[in-house]
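Notes to accompany the following structure.
The values are calculated or read from the model by the stated rules, or taken from the named source; none is laboratory data. Here the structure is a predicted model, which is why all the values come from computation and not from measurement. When we count neighbours, we look across all protein chains shown, and the Cβ atoms used for this are built from the backbone with ideal geometry, even at glycine.
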Amino acid sequence: MTENVLVPQPQNAWLELEHVDAGYDGRLALEDLSFHIPEGVRVALIGPNGAGKSTLFKVLARLLPLRKGDIRIHGLPLGHHCDCLAYVPQKEEVDWQFPVTVKDVVLMGRYGKNNWLERMKKEDDLVTMRSMIQMGISDLANTPISDLSGGQQQRAFLARALAQEPHILLMDEPFNGVDLTTQEKLFEILDELRRQSVTTIVATHDLNLALTKFDLAILLNRRLIAIGPPAQVLRREPIRQAFGNQALDLDQMIVVDQCCPE
Amino acid sequence: MLPGVDPLMLDFFLSPLQFQFMQRGLLASVLVSGLCAIVGCFVVLRSMAFLGDAMSHSVLPGVAVAYLVGGNLTLGALIAAVAVALGISVVSRRGTLREDTAIGILFSSALALGIALISTIRSYAVDLSHILFGNVLGVGPNDLLWIGGLGIAVLAILALAYRPLLVLAFDPILAATLRLPVERLRALLLVLISITIVVSLQVVGIALVAAMLVTPAATAFLLTRRLPTMAAVSALLGILSGVAGLYASYYLNIASGASVVLSATFFFLLAFFFSPRRGILASRLRARRNL
């Protein structure tokens, strides 16, 4: 499958995976996954349900141990860079009835910066405030999360990720059920993060967005199908290879079935 | 006599307190209910109600052994509870059995073992009923010291570890990416819950302590929007139930543990139907308005 690896491999690869195996119990969800992502790029992670997108995120967040292989961030094995990774979960994974306000949630992003027995510092408050302003939700600071709309929920969790000041940002289906304004806001922030050399990896079903708004696309189905510039990766053949009969060929346009979230 | 206070009313509240055992009982009841209600917030938010129930039952063998060898019952219960708490956190990490199955097996066997041990004693019916259902009027000065000391220790640790425990309860994935010591925090929470259970045994008993962990906190959940307020309201409701339950027990001559729990249930039902935010009535009205 190496003929599909189209990206030049720079010296300062920010994130490197070498022959990674990962899975649950007896089942491997990812097999022999190897790729390099240079720093500061925006990556669309694309694959059918069960392709191992969430598994990849969990491995990167160290929620799931590696079975085999190596992951290096800036040349160092996983775990050496404290706090360098932030994860924006899918909305379905969050307990929206939990009694916390927007500000509580964003402030949680700062807990890792402190020894957890210490008091929060002024800087933490400032970063929290700045993150909320950046996402345009500072007026919702004292609103319980149960009262938020879909777009506001997504913004609150991205604000929390910003407060973590990550080097790598992982987002799981952030465009699902989000209004257009929020989507624009998301891309504004992603542009800003790119300027700050933050690498973002976004799992998405939206091939159109992947094609137009991302620097790099990874096509995944348990194994790496292809990695490279979206226009080259998201072509008929590789997509068919990843999605099988979930991909529909509609007269020059390829559509993937996205009816059933995992 | 205070001016403006109905002397009959005053007499209603004061006359039981002429007995020292009632004074101690009331104090114990207030302390235990308040403590359970605060710790219970985490039990409710992390959906550990079943676990709390299981842990309280698992304490019985420890109590029984302490009783048989004439040792300190609280100490026996404490050792058993902490052992079970750590055992559960190990078993649930292995993940070969579903967690609720593992807990179900563990706690019913522990309960059976405890009953087997206690049944070797002749007077076992009376002793067993005190352990199962509590005997708040038998609280001695020493017991009060145990309750007060351990209760303060639990609340202090909870306050110190509040932030990481909050993250763990709300979003375990965030806790992991923040590199918080997730497994140790889980074990810590279980140990705090088990100490709370042990401290509460004398007041509400093994069979009913889970109710005091869950009911006031669930009531507060329906009424509030933030965890600190939820904990405060829960503590208040717990204490109210403790006091109301004890007076009900005195005047109606019913078992104290049961009347404390039923008072808490009464408050819960009020909130369940009439809570302005999450109550049945409010959501019915909202639904009608939206038609």
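Scanning the range B:220-229 for residues that are without any contact (Cβ under 8 Å) to a residue 60 or more places away in the chain and not in a loop (DSSP other than H, G, I, E, B) yields B:Leu222, B:Leu223, B:Pro228, B:Thr229. When A:Leu107, A:Leu64 are checked against the criterion of being within 11 Å of chain B (Cβ to nearest Cβ), modelled with pLDDT under 85 and either in a helix (DSSP H, G or I) or in contact with a helix residue (DSSP H, G or I) (Cβ under 7 Å, 6 or more places away or on another chain) (or both), A:Leu64 stands alone in meeting it. With respect to the conditions (1) within 14 Å of chain A (Cβ to nearest Cβ); (2) charged (D, E, K, R); (3) out of contact with any Lys or Arg (no Cβ under 9 Å at 6 or more places or on another chain), B:Arg277 falls short on a single one, namely (3). Considering the range B:160-219 alone, what residues qualify as being facing another protein chain (nearest Cβ under 8 Å), outside any helix (DSSP H, G or I) and either in contact with a Ser or Thr (Cβ under 8 Å, 6 or more places away or on another chain) or without any contact (Cβ under 8 Å) to a residue 12 or more places away in the chain (or both)? If the condition is that a residue be facing another protein chain (nearest Cβ under 8 Å), outside any helix (DSSP H, G or I) and either in contact with a Ser or Thr (Cβ under 8 Å, 6 or more places away or on another chain) or without any contact (Cβ under 8 Å) to a residue 12 or more places away in the chain (or both), then B:Asp171, B:Leu178, B:Arg179 are the ones that fit. Under 9 Å between Cβ atoms, at least 6 apart or on separate chains: pull out the pairs that start in the range A:86-98 with a residue that is more than 11 Å from every other protein chain (Cβ to nearest Cβ) and end on any residue that is among the small types (Gly, Ala, Ser) and assigned to a helix (DSSP H, G or I). These pairs meet every condition: A:Lys91/A:Gly150. Applying the selection to the range A:41-61, what residues are under 25 Å from A:Glu237 (Cα atoms), out of contact with any helix residue (DSSP H, G or I) (no Cβ under 7 Å at 6 or more places or on another chain) and not in a loop (DSSP other than H, G, I, E, B)? Within the range A:41-61, A:Val43, A:Lys53, A:Ser54, A:Thr55, A:Leu56 meet the criteria. Answer with yes or no whether A:Asp124 is assigned to a helix (DSSP H, G or I), buried (at least 16 other Cβ atoms within 10 Å of the Cβ), among the charged types (D, E, K, R) and facing another protein chain (nearest Cβ under 10 Å). No. Has the range A:178-194 got any residue that is more than 14 Å from chain B (Cβ to nearest Cβ), touching a residue at least 60 places away in the same chain (Cβ under 8 Å), closer than 19 Å to A:Ser54 by Cα and surrounded by 13 or more Cβ atoms within 10 Å (Cβ to Cβ)? No, that holds for no residue.
Would you check if there is a residue in the range B:221-236 being under 25 Å from B:Gly279 (Cα atoms), surrounded by 24 or more Cβ atoms within 10 Å (Cβ to Cβ), away from chain A (no Cβ under 14 Å) and of a type outside the set (Gly, Ala, Ser)? No, there is no match, as no residue in the range B:221-236 is under 25 Å from B:Gly279 (Cα atoms), surrounded by 24 or more Cβ atoms within 10 Å (Cβ to Cβ), away from chain A (no Cβ under 14 Å) and of a type outside the set (Gly, Ala, Ser).
Flag: A:Ile225 matches the condition of being outside any helix (DSSP H, G or I) and either in contact with a helix residue (DSSP H, G or I) (Cβ under 9 Å, 6 or more places away or on another chain) or at pLDDT below 90 (or both).
Is it true that some residue in the range A:148-159 is touching a strand residue (DSSP E or B) at 6+ places or on another chain (Cβ under 9 Å), in a loop (DSSP other than H, G, I, E, B), buried (at least 20 other Cβ atoms within 10 Å of the Cβ) and away from chain B (no Cβ under 14 Å)? No, the range A:148-159 contains no residue that is touching a strand residue (DSSP E or B) at 6+ places or on another chain (Cβ under 9 Å), in a loop (DSSP other than H, G, I, E, B), buried (at least 20 other Cβ atoms within 10 Å of the Cβ) and away from chain B (no Cβ under 14 Å).
Tell me, please, whether a residue that is in contact (Cβ under 8 Å) with a residue 40 or more places away in the chain, of a type in the set (A, V, I, L, M), more than 21 Å from A:Arg42 (Cβ to Cβ) and not in a loop (DSSP other than H, G, I, E, B) can be found in the range A:131-139. For the range A:131-139, residues in contact (Cβ under 8 Å) with a residue 40 or more places away in the chain, of a type in the set (A, V, I, L, M), more than 21 Å from A:Arg42 (Cβ to Cβ) and not in a loop (DSSP other than H, G, I, E, B): absent. Of all residues assigned to the range B:246-268, at least one qualifies as being among the aromatic types (Phe, Trp, Tyr), in contact with a Leu (Cβ under 6 Å, 6 or more places away or on another chain) and closer than 30 Å to A:Asn142 by Cα.
Would you check which residues across the range B:1-51 are β-branched (Val, Ile, Thr) and not in a helix (DSSP H, G or I) and list them? If the condition is that a residue be β-branched (Val, Ile, Thr) and not in a helix (DSSP H, G or I), then B:Val5 is the only one that fits.
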